[in-house]
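A.B. asks: Got a structure here, written out as structure tokens. Questions coming.
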Amino acid sequence: MRVGVVIQGPVNSRGFDAVANVRRIADSYSALPACGPLVLSTWEGEDAPLRHPGLTVLLNRPVERDDAMNRLRQWRSTYEGIKFLRANTEVTHILKLRTDMYVAPEIIDFMVDFYARAAGPEGRMRRVCEGCLLGSHVHRGVPFGVGDFYFAGRAGDMERLFGDALSFGGLRFQDNAEADIWARHLARALAGDLPPWWRLIGPWWPPRVTPDDPIFGLWLEVYRECVAPFPRKFLEGAAWRGKPFVEGMDERATFGRGREVLREYFDFHEEWLRMRNDQCGYLAMRRETFPFGLRASYWVLNRQRAAVRFALWGWAGSRAGLGWLWGVARAPLRGMVAGARAWARRGYRARFGAAPDGDMGGRGHGI
């Protein structure tokens, strides 16, 4: 087994020396026998004065479109790094890291041990991936909310996942980028088994899903067969923008509740094993939405659903002979909604330093 590493993100990061962090990753990871070539996948215009044996620098063209939470930039740079490794090396698995985060290199040893023991998915889940994919964590209250601080899997599975995500362009299934990538991938992998509205609005669910909800049932099937989080120690021991991860979370998102969030709202490998061995016990665990200040953002308020509502209201109005009224009211209503959201975001950022939709205010997040 040979693990290639894609280090993804900007190197000109405000308030943090990403170049030194990438050098640290390259130095420590390249010393491991199971670690293959390393790729830094960043953007044109990023000055990357990096010279390191075994490290290749890719400069990708920036994404020129509306890109909520920089998801398309993240996926594009990761995808290009994966394609390069598959085309030019003989790596069997790939680990995706961030330029602003340092994770202990022992994560490679865990991957080797995990994939030596793990069986592949069964049934229709074979269409999703050939082997289990590993995420940094899983949001216990958000179906398909697989943490992407660092991410790993078989090389072919990784290329399919990020390729499927990019194939939909700017269409946003979910405001939550971590769930959005899975909504897109499943729309391709399980196209014949999903509800007809999936491509339009993705896996919509109410704030509190129940185990008998069909979307939650699909998520449990995917979680059991196709996704596993890494052990807790890697995220707790990680350095994010030069600081311990929990401290960085407290500054940028959780307002002093970082350790509680990791304990009460995140699943790690230990909880995943419990879910596989004792599903009833797992379902009895606390299951709430991750508290990013304004939690409504995780309740899947995406633009596609809003557009569908507008269209349905317009159709109903036209059938009732009120088409002219709808045409007059639509533009001002959209303007008022957009203005109110912008005003709320500015006030929230001024008070807490983070935007309510999960954009943590720093350039490094999600890039």
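The values are calculated or read from the model by the stated rules, or taken from the named source; none is laboratory data. Here the structure is a predicted model, which is why all the values come from computation and not from measurement. Backbone-built Cβ (ideal geometry, glycine too); neighbour counts: all protein chains shown.
A.B. asks: Return the residue satisfying two criteria in turn: it lies in region 4-28 and is buried (at least 24 other Cβ atoms within 10 Å of the Cβ) and not polar (S, T, N, Q), and of such residues it is nearest to Y79 (Cα to Cα).
C.D. replies: That would be V6.
A.B. asks: Going by what's in this entry, would F149 be described as under 10 Å from the mean Cα position of the chain (by Cα), within 14 Å of Y223 (Cβ to Cβ) and touching a residue at least 40 places away in the same chain (Cβ under 8 Å)?
C.D. replies: no
A.B. asks: A further question on this structure: Quick one: R127 ticks every box in (1) among the charged types (D, E, K, R); (2) closer than 21 Å to E106 by Cα; (3) touching a helix residue (DSSP H, G or I) at 6+ places or on another chain (Cβ under 7 Å) except a single one, so which number is it?
C.D. replies: The number of the failed condition is (2).
A.B. asks: Yes or no: region 13-27 includes at least one residue that is of a type in the set (D, E), part of a loop (DSSP other than H, G, I, E, B), at pLDDT 80 or above and more than 21 Å from Y150 (Cα to Cα).
C.D. replies: no
A.B. asks: Within region 19-34, identify whether any single residue is over 25 Å from F110 (Cα atoms) and touching a residue at least 12 places away in the same chain (Cβ under 8 Å), and answer yes or no.
C.D. replies: Yes, region 19-34 contains at least one residue that is over 25 Å from F110 (Cα atoms) and touching a residue at least 12 places away in the same chain (Cβ under 8 Å).
A.B. asks: Would you tally the residues in region 135-159 being within 17 Å of H93 (Cβ to Cβ) and in contact with a Lys or Arg (Cβ under 8 Å, 6 or more places away or on another chain)?
C.D. replies: Result for region 135-159: 8.
A.B. asks: How many of the residues in region 100-114 are part of a loop (DSSP other than H, G, I, E, B) and over 17 Å from P37 (Cβ atoms)?
C.D. replies: Number of matching residues: 3.
A.B. asks: Counting only residues that are under 26 Å from A187 (Cβ atoms) and of a type outside the set (D, E, K, R), which one in region 92-118 is surrounded by the most Cβ atoms within 10 Å (Cβ to Cβ)?
C.D. replies: The qualifying residue surrounded by the most Cβ atoms within 10 Å (Cβ to Cβ) is I94.
A.B. asks: So which of G163, G170 ends up being at pLDDT 90 or above, surrounded by fewer than 18 Cβ atoms within 10 Å (Cβ to Cβ) and outside any strand (DSSP E or B)?
C.D. replies: When all the criteria are applied, what remains is G163.
A.B. asks: Now for a different question. May I ask you to say which residue of L32, L50, L59 is assigned to a strand (DSSP E or B) and surrounded by fewer than 22 Cβ atoms within 10 Å (Cβ to Cβ)?
C.D. replies: Residue meeting the stated conditions: L59.
A.B. asks: Only residues that are outside any helix (DSSP H, G or I) and surrounded by fewer than 24 Cβ atoms within 10 Å (Cβ to Cβ): list them for region 144-160, please.
C.D. replies: Scanning region 144-160 gives G147, D148, F149, Y150, R154.
A.B. asks: From the residues in region 36-47 that are touching a residue at least 40 places away in the same chain (Cβ under 8 Å) and crowded, with 22+ Cβ neighbours inside 10 Å, which one is farthest from F149 (Cα to Cα)?
C.D. replies: G36
A.B. asks: Something else about it: Just one of the numbered conditions (1) touching a residue at least 60 places away in the same chain (Cβ under 8 Å); (2) among the small types (G, A, S); (3) under 18 Å from W272 (Cα atoms) is not true of G120; which one?
C.D. replies: So the condition that G120 fails would be (1).
A.B. asks: Which of the residues spanning region 204-259 are closer than 30 Å to R124 by Cβ, assigned to a loop (DSSP other than H, G, I, E, B) and at pLDDT 95 or above?
C.D. replies: Scanning region 204-259 gives C226, F230, P231.
A.B. asks: Scanning region 62-91 for residues that are surrounded by fewer than 16 Cβ atoms within 10 Å (Cβ to Cβ) and more than 15 Å from S41 (Cβ to Cβ), which turns out farthest from the chain's Cα centre (by Cα)?
C.D. replies: Among residues in region 62-91 that are surrounded by fewer than 16 Cβ atoms within 10 Å (Cβ to Cβ) and more than 15 Å from S41 (Cβ to Cβ), the one farthest from the chain's Cα centre (by Cα) is E90.
A.B. asks: Across region 252-281, which residue is surrounded by the most Cβ atoms within 10 Å (Cβ to Cβ) among those that are touching a helix residue (DSSP H, G or I) at 6+ places or on another chain (Cβ under 9 Å) and acidic (D, E)?
C.D. replies: Step by step, filter region 252-281, then rank; the result is D267.
A.B. asks: Starting from residues that are part of a helix (DSSP H, G or I) and of a type in the set (D, E), keep the ones in region 173-193 and report whichever is surrounded by the fewest Cβ atoms within 10 Å (Cβ to Cβ).
C.D. replies: That would be D193.
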